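To keep things clear, I will list the structure first and then write my remarks on it.
Quick note: the coordinates plus some simple rules give every number you see, no bench work behind them. Since the model is a prediction, treat every value here as computed from it, not as a measurement. Glycine also receives a Cβ, built like all others from the backbone with ideal geometry; neighbour counts cover every protein chain displayed.
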Amino acid sequence: AFGSEGRFEQTLASDQDNGLIFVAHEGAELSRVRARLLGFARAVNEALGACGFPLCKGNVMASNPDLCLSLKEWQGKMAGWIEVSMPKALLDAAICFDFRALYGDASLAGSLREWISARVKAHPAFLRHMAEAALQARPALNRLGSFATEDVPGASGTINLKLQGARIFIDAARIYALARGMPHTNTADRLRAVRDAQAMSETDAAAATDAFYLIQGLRLQNQVSQTGDPETANCIAPERLSRISQAALKEALRTAKDLQNRLALDYQL
């Protein structure tokens with residue numbers, strides 16, 4: 001599983017993000033093994049869709065031949081992301097580096113993670129590029145510290161709590177975890193692991209974790225009450241929140257800004 005599912009952070013609006021990793025035993029041709037697995041993958045993707053887990057519009061699913069790969073093929077794909085660091089490669093890396101094994105031989109996923117850790121250490125520029133990309137998403141606050149809202153179709157005067165809130169914590173935690181070769185995928189677990197490695201103070205890690213959970217909670221509340229366009233499932237109108245919730249959300253977004261400032265300082269951006 002990749003993305004939010006790989007991080008144990010799916011919400012009611014999450015779509016599918018998954019793939020397959022395999023070994024071709026006894027000299028079998030990779031193409032023939034892949035052909036057999038793709039039919040199975042397609043059936044699973046369609047069954048999940050029928051259960052209410054939408055198919056990924058970006059085709060980040062196991063039924064995509066580009067994501068049904070042998071261990072060596074996955075290593076080759078991820079080597080390209082790490083060594084090239086183009087914008088599209090960084091987007092793919094952000095989704096696929098948050099992976100965990102769901103079923104089968106989990107040691108394959110473990111081997112891939114160990115390989116990634118070694119490759120990232122050998123290419124430190126990759127994490128700097130990741131940090132640079134992560135800073136493109138800014139907390140939904142203006143220069144005066146008030147909410148910076150947008151008018152999007154079907155959701156005027158809102159902020160996107162996924163792109164302008166949760167993503168900031170997710171991206172930063174991923175980068176710090178990859179930098180230290182940590183196996184964690186969950187955002188809060190990554191922040192705690194960074195704290196335990198004494199790379200972040202206990203106070204800062206606790207603040208980031210609490211802020212992330214608050215934003216995730218607001219996203220879920222909004223999705224539960226949502227009856228309109230799924231595209232606006234993460235868009236919330238601050239003026240509809242209570243004064244206490246508004247104050248808490250502002251503080252959470254300030255914490256996101258602090259985390260980005262730390263990331264910029266650490267990677268000299």
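Place a point 7 Å from the Cα of Ala118 along the Cα-to-Cβ direction; which residues of region 181-223 have their backbone N under 20 Å from it? Within reach of a label on Ala118, which here means backbone N under 20 Å from a point 7 Å along Cα→Cβ, region 181-223 contributes 181-184.
Name the lysines eligible as straight-distance cross-link partners of Lys72: C-alpha to C-alpha under 27 Å, and not fewer than 8 places from it in the same chain. Counting by Cα, and skipping residues close in sequence, Lys72 has these lysines nearby: Lys57, Lys88, Lys121.
Amide H contacts for Leu141 (H built 1.01 Å from N in the peptide plane; partners 5 or more residues away or on another chain; cut-off under 5 Å): Ala148.
Region 34-115 gives an Rg/Rh value of 0.97, both radii derived from C-alpha positions and Rh following Kirkwood.
Above 11 Å lies some portion of the pair distances; for region 7-49, what is it as a whole percent of all C-alpha pairs?
Working: 668 of 903 pairs.
Roughly 74 percent, once rounded to a whole number.
Extension gain for the segment Ser107 to Arg180, taken as residue separation times 0.36 nm less the Cα-Cα distance, is 24.2 nm to one decimal.
Note that region 95-109 has calculated 3J(HN,Hα) couplings of 6, 7, 6, 8, 9, 8, 6, 9, 7, x, 7, 5, 5, 5, 5 Hz, one per residue in order, obtained from phi through the Karplus relation 6.51 cos²θ - 1.76 cosθ + 1.60 (θ = phi - 60°); glycine and proline are x. For Val44, neighbours were defined as the other residues whose beta-carbon sits under 14 Å from its Cβ, and their charges (Lys and Arg +1, Asp and Glu -1) total -1. For a label point 7 angstrom out from the Cα of Ala206 toward its Cβ, which stretches of region 248-269 have the backbone nitrogen within less than 17 Å? Counting only backbone N, you get 252, 255.
Normalised by 2.2 N^0.38 Å, where N counts its residues, the alpha-carbon radius of gyration of region 78-118 equals 1.25. The charge dipole of region 138-269, taken about its Cα centre with unit charges on the Cβ of Lys, Arg, Asp and Glu (plus for the first two, minus for the last two), comes to roughly 160 debye. When only the Cβ of Lys, Arg, Asp and Glu is charged (+1, +1, -1, -1), the dipole of the chain relative to its Cα centre reaches about 320 debye. In straight-distance terms, cross-link reach from Lys250 covers every one of the lysines whose alpha-carbon lies under 28 Å from its own, apart from those fewer than eight places away in the same chain; here that gives Lys162. One Cα centroid belongs to region 1-68, the other to region 173-247; the line between them spans 26 Å. If amide hydrogens are placed 1.01 Å from N in the peptide plane, which non-local residues have theirs closer than 5 Å to the one on Ser70? Amide H neighbours of Ser70, under 5 Å, 5+ apart: Phe22. In a reduced charge model with +1 at each Lys and Arg Cβ and -1 at each Asp and Glu Cβ, region 227-269 shows a dipole moment near 240 debye about its Cα centre.
Assuming R0 = 25 Å, can you tell me the calculated FRET efficiency for the pair Arg240 and Leu144, based on Cβ-Cβ distance, to the nearest 0.05? Could the numbers behind the result be given before it?
Values: r = 21 Å, r/R0 = 0.83.
Approximately 0.75, to the nearest 0.05.
Scattering from region 1-143 was approximated by placing one identical point on each alpha carbon and applying the Debye formula without solvent; log10 I(q)/I(0) at 0.08, 0.13, 0.22 1/Å stands at -0.24, -0.63, -1.47.
Across all C-alpha atoms in region 1-80, the radius of gyration and Dmax reach 13.4, 43 Å. Counting every pair of alpha carbons in region 82-174, the share spaced more than 23 Å apart comes to 42 percent. Taking the three principal axes of the alpha carbon atoms in region 175-269, the coordinate ranges are 42, 26, 24 Å, sorted in descending order.
Could you check which residue among Tyr213, Tyr176, Tyr103 shows the biggest mean-square fluctuation in a GNM of the chain with a 10 Å Cα cutoff? Of the options given, Tyr103 has the highest mean-square fluctuation. Considering every Cα-Cα pair within region 147-220, what fraction, in whole percent, is farther apart than 21 Å? Here the tail beyond 21 Å accounts for 33 percent of pairs. Here the sum of -39500 (n - 2.57) over DSSP H runs of 4 or more residues, divided by the residues of the chain, equals -18000 deg cm²/dmol at 222 nm, to the nearest 500. Structural size metrics of region 112-247, computed from C-alpha coordinates, are Rg and Dmax of 16.9, 49 Å. Residue farthest toward the positive end of the dipole of the chain, with Cβ of Lys/Arg at +1 and Asp/Glu at -1: which of Ala166, Ala237, Val60? Sorting the options by dipole projection puts first Ala166.
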